[in-house]
Structures are given as C-alpha cells and as structure tokens.
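To keep things clear, I will list the structure first and then write my remarks on it.
Coordinate-derived values only; no laboratory data. Source: prediction; values computed, not measured. As a convention, Cβ positions derive from the backbone with ideal geometry for all residues, glycine included, and neighbour counts pool all protein chains shown.
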Amino acid sequence: MGLSVCVPHSCPCGEAVDAWGQHAFVCKQASGRTQRHHALNDIVARSFASAAIPVLKEPSGVYRNSIKRPDGIKLVPWQSGRAVAWDVTIVTTLADSYLPASSALAASAAEAAATRKEAKYADMPALFLFQPIAVKTLGPINESAVDFLCELGRRISVKTNDERQTAFLF
C-alpha cells in the first residue's frame, strides 16, 4: 500500500530505522525478537500439554559442563524410546545474510536456520532426538518442523477427538 509503518529514528543499537521499520526484524536488541521467540516456544509447549504429554521448558542439565540448553524437552519417549528436545528460532528474509538465498528459493532462510540449530546441538545426549523449529517472520517453516508439528497435531487430535487440531496448530 506504500504506507509508512513507523517514524524514522535511531535504534538503541545505533542503526538508523527507516519508515518501513524492517530493522526491528533483524536487530539483536529489538524487544519484539525475544517476544516472537517466546510466543512460538509457548505454542509448542502448550500443544504438547493439549496432547497430555509432559514437557519441560528451558531445561538445564541436558548438557554437562555447558550453558547450552534447548528451548524444551518432552519428558516421555516420543520415537524409538527417545525423548524429543526442541529449539525454536525466528528468522527473517529481511536480514542481509538471508537475502540472496531467500530471493532465489522460498523457505531457504528457515532451512538454513534449522541446519545451524542442528549443528549447535549435534552433541546432544543420545537419549534425545533433536528437532529444530525455524519459522520465517514472513511465513515458511523448515520441512522437518512441519513434519514434527503435523505429528504433534495428529497426537492432539487423537486425544481430543477433533481432527482439526493440526490446522489449529499451524
């Protein structure tokens, strides 16, 4: 529509914010960045609760001698006798680092972020399956997270007898 979304100003990080406000999506100091992350993590945790599956958010002690921790773990086995651990991330195609790939292939930013999360948690203890959940600010979700969320939605549907649960989750 061509309308400005904010008044141009200086961000606390020192960068200039234009009338489009796109800097807020990529700034490490933007409060909305953390809020989007926590909101998505809450959705995943509440979805497990809807399926009567106990989870622990922001668990400590998954790794010994490390401050690294996933956003949540499922407290009972999910697949092959192993519990699932997840970590969410919100990415934006507006970041300079994602622009070349995102302009050529849809969802590439989400897939790249998921790959980085997998590398970060590659040394996770074997009793956990790791599931990255990477969501682009403007839409797509990484492919393995779509499969994971579909399965979670299916399990909620079994518990609630409502086949629409997967659609609600998305």
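For segment 1-86, the alpha carbon convex hull comes to 144 Å³ per residue, rounded to a whole number. One Cα centroid belongs to segment 154-170, the other to segment 130-153; the line between them spans 16 Å.
Under the classification rounded if a/c is under 1.5, otherwise prolate if a/b is larger than b/c and oblate if not, where does segment 3-48 fall, given a ≥ b ≥ c as square roots of the Cα gyration tensor eigenvalues?
Working: a/c = 4.89, a/b = 2.31, b/c = 2.12.
Prolate shape, in that a/c is at least 1.5 and a/b is the bigger ratio.
Annotation: lysines with alpha-carbon distance below 20 angstrom to LYS117 (same-chain offsets under eight excluded): LYS28, LYS57, LYS68, LYS74, LYS136.
Computed from the C-alpha gyration tensor, the three semi-axes of the ellipsoid equivalent to segment 47-112 are 31, 16, 11 Å, from longest to shortest.
The eigenvalues of the Cα gyration tensor, multiplied by 5 and square-rooted, give segment 105-170 an equivalent ellipsoid with semi-axes of 24, 18, 6 Å from largest to smallest.
Reported to the nearest whole Å, the Cα centre-to-centre distance from segment 66-106 to segment 39-54 is 16. Sequence-ordered 3J(HN,Hα) estimates for segment 4-17 from the Karplus curve with 6.51, -1.76 and 1.60 and θ = phi - 60° stand at 5, 9, 7, 8, x, 7, 9, 6, x, 6, x, 7, 7, 9 Hz, glycine and proline given as x. Could you tell me whether segment 33-167 comes out rounded, prolate or oblate from its Cα gyration tensor? Rule is a ≥ b ≥ c as square roots of the eigenvalues, rounded for a/c under 1.5, then prolate if a/b exceeds b/c, otherwise oblate. Note, shape of segment 33-167 comes out oblate. Net charge around GLU111, counting only other residues with Cβ within less than 14 Å of its Cβ (Lys, Arg = +1; Asp, Glu = -1)? Spelling it out: positives minus negatives among the neighbours equals 0.
Once the Cα atoms are used to define both axes, helix 143-160 deviates from the longest principal axis of the chain by about 50 degrees.
In deg cm²/dmol, rounded to 500, what helix-only [θ] at 222 nm does the chain give when every DSSP H run of at least 4 residues adds -39500 (n - 2.57) and the total is split over its residues? Helices in the chain give a 222 nm mean residue ellipticity of -12000 deg cm²/dmol.
Largest mean-square fluctuation among ARG36, ARG154, ARG64, in a Gaussian network model of the chain whose springs join Cα atoms under 10 Å apart, belongs to ARG64.
For segment 124-168, applying the loop criterion from DSSP together with a ceiling of 16 other beta carbons within 10 Å to the GluC sites (Glu not before Pro) yields GLU163.
The antiparallel fraction among DSSP beta bridges confined to the chain stands at about 50%.
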